[in-house]
Amino acid sequence: MDFDETFWAAVAAIAAVVAVGLSVWATLQAKAAARASERTAAEVARIEQQRWHRELTPELDFRLVPKGSDHWLLTVELTGPAGLDRLDRITLTVRDEAGVDHTPRTRDITPEEVEAVIWGPVRFQPRVDHVREPGREAVLESVDRGEPAVRAVDATVPPRWIDNLQDWQRRNDRLPLRLRAVCEHADHDQPWIIVTEIPVERLA
């Protein structure tokens, strides 16, 4: 084989290697572009899902109606928005009064006793509609828009270390019912959380 043949054979071999390298590079670039496109599409879908979730934040109407000296009815109604016709579940939790340290000052009070106290004027009435002691939580199942759900509410019970019922009533006299509502729907992985305060009116 003369020089020319050797030279062009070498050029052909180099060209083949380069072609293979370019092909591999192009394949890797295409895979990287596909992965980037998938990530972008997933991020856009996530943002759109979050936007849709925010737009469908439940609009709840709360009404607390006095029915006796220490009894009320709490009505919860789903009123919107358009596109949200029902909720599978609403879990209502009575929140303690704000800005007050309830740490016990004496050693004979256990953390469990403190945890069981609802620091506020009213609670869900225990043993009614599956509400358990101390009356902090009530669950509403299958709430349809425009169909109010009702739960019984009564006055909170003072802890044993407050021996004067009038003192307990006075400290709660102007406090609102502070509620946290966790709203769930089967089509949404994340619940909506709504907090509100409802004035506690009493019969004259």
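The values are calculated or read from the model by the stated rules, or taken from the named source; none is laboratory data. Source: prediction; values computed, not measured. Glycine also receives a Cβ, built like all others from the backbone with ideal geometry; neighbour counts cover every protein chain displayed. The area values use the complete protein model at the heavy-atom level, side chains included, leaving out ligands, DNA and RNA. Shrake-Rupley method; radii C 1.70, N 1.55, O 1.52, S 1.80 Å.
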Query raised in the report: What are the residues in segment 81-121 that are closer than 30 Å to Gly146 by Cβ and of a type in the set (Ser, Thr, Tyr), if any?
Result: Thr91, Thr93
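Let's see how each residue does on (1) open to solvent by 70 Å² or more (accessible area, probe 1.4 Å); (2) at pLDDT below 90; (3) in a helix (DSSP H, G or I):
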{"position": "Val11", "(1), (2), (3)": "no, yes, yes"}
{"position": "Val20", "(1), (2), (3)": "yes, yes, yes"}
{"position": "Ala26", "(1), (2), (3)": "no, yes, yes"}
{"position": "Gln29", "(1), (2), (3)": "yes, yes, yes"}
{"position": "Glu43", "(1), (2), (3)": "yes, yes, yes"}
{"position": "Phe62", "(1), (2), (3)": "no, no, no"}
{"position": "Leu87", "(1), (2), (3)": "no, no, no"}
{"position": "Ile90", "(1), (2), (3)": "no, no, no"}
{"position": "Val94", "(1), (2), (3)": "no, no, no"}
Query raised in the report: How many residues are in contact (Cβ under 8 Å) with a residue 24 or more places away in the chain and under 24 Å from Pro121 (Cα atoms) when one looks only at segment 79-106?
Result: 11
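Among residues belonging to segment 68-79 that are more than 14 Å from Pro176 (Cα to Cα) and modelled with pLDDT of 95 or more, point out the one that is most open to solvent (accessible area, probe 1.4 Å). Explain how you work it out, then say what you get.
Quick first cut of segment 68-79, residues more than 14 Å from Pro176 (Cα to Cα) only: 68-71, 73, 75-79.
Still in the list and also modelled with pLDDT of 95 or more: 71, 73, 75-79.
Working: His71: 86, Leu73: 63, Thr75: 21, Val76: 3, Glu77: 37, Leu78: 0, Thr79: 68 Å².
The extreme case among them is His71.
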Report task. Report, ordered by the first and then the second residue, all pairs with beta carbons closer than 6 Å, sequence separation of six or more or different chains, a first member in segment 181-196 that is in contact (Cβ under 8 Å) with a residue 12 or more places away in the chain and under 17 Å from Gly83 (Cβ atoms), and a second member that is β-branched (Val, Ile, Thr) and outside any strand (DSSP E or B). Result -> Trp192/Thr57
Report task. With the checklist (1) open to solvent by less than 40 Å² (accessible area, probe 1.4 Å); (2) at pLDDT 95 or above in hand, flag the one item Leu56 doesn't pass. Result -> (2)
Query raised in the report: So Val143 clears everything in (1) more than 30 Å from Ala82 (Cα to Cα); (2) under 23 Å from the mean Cα position of the chain (by Cα) except one condition, right? Which one?
Result: (1)
